[in-house]
Amino acid sequence: MIVPSLVICLRTAILLPLSALPIFGWEPVPGFGVAGGGMAVVLHHALGCAAPFAHFAAGRPVVRPRFSRLQWRYPGNMLRVGGIGALNTLQTNGTTALSAASELRASPAMASAPGSNTS
């Protein structure tokens, strides 16, 4: 478990100072502004995926996976738990949609100026 912890800590330690480079630029590297921040985060996640993969490919992981036949009880358990989570998401989105629809019905003038606070 030390390798995943180290990867997370090192990724964060690298992301924070090196985010400024693509955002603001420096000498030969142009600044990309907000897009540079996105580029830094994508690079952060790519390195975060590559490091554990390299550790695993080197043959040093604690867990040794093996291929076996799929047992349907495991995906069934995951789908049962995921189904409850999906219902929560549907309820949240449905409540938001109904709330927005009722606001729009109560004040149709706001439809022409979304985000404005004028009446």
The helix 73-106 Cα axis meets the longest alpha-carbon principal axis of the chain at an angle in degrees, between 0 and 90 and rounded to 10, of 30
How much of the accessible area of the chain, probe 1.4 Å, is carbon plus sulfur, in whole percent?
71
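Express the accessible area of the chain per residue in Å², computed with a 1.4 Å probe while the remaining protein chains stay in the model. Before the final figure, lay out the partial values.
Numbers: 10180 Å² over 119 residues.
Ligands and nucleic acids excluded, the figure is 86 Å² per residue.
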Relative contact order (percent) for the chain, with alpha-carbon contacts under 8 angstrom and 6 or more residues of separation?
15
Select from the range 1-74 those trypsin sites (Lys or Arg not before Pro) which occupy a DSSP coil region and have at most 12 other Cβ atoms within 10 Å, ordered by residue number.
Arg66, Arg69
Solvent-accessible area of Phe56, probe 1.4 Å, all protein chains present, reported in Å² to the nearest ten, please.
100
I need the phi-derived Karplus couplings for the range 35-46: 6.51 cos²θ - 1.76 cosθ + 1.60, θ = phi - 60°, integer Hz, Gly and Pro marked x.
4, x, x, x, 4, 5, 5, 5, 5, 4, 6, 5
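The values are calculated or read from the model by the stated rules, or taken from the named source; none is laboratory data. Computed from a prediction, not measured in an experiment: that's the story for all the values here. Heads up, the Cβs are rebuilt from the backbone with ideal geometry, glycines too, and the neighbour counts pull from every protein chain shown. These area figures cover heavy atoms from the full protein model, side chains too; ligands, DNA and RNA do not enter into them. Shrake-Rupley method; radii C 1.70, N 1.55, O 1.52, S 1.80 Å.
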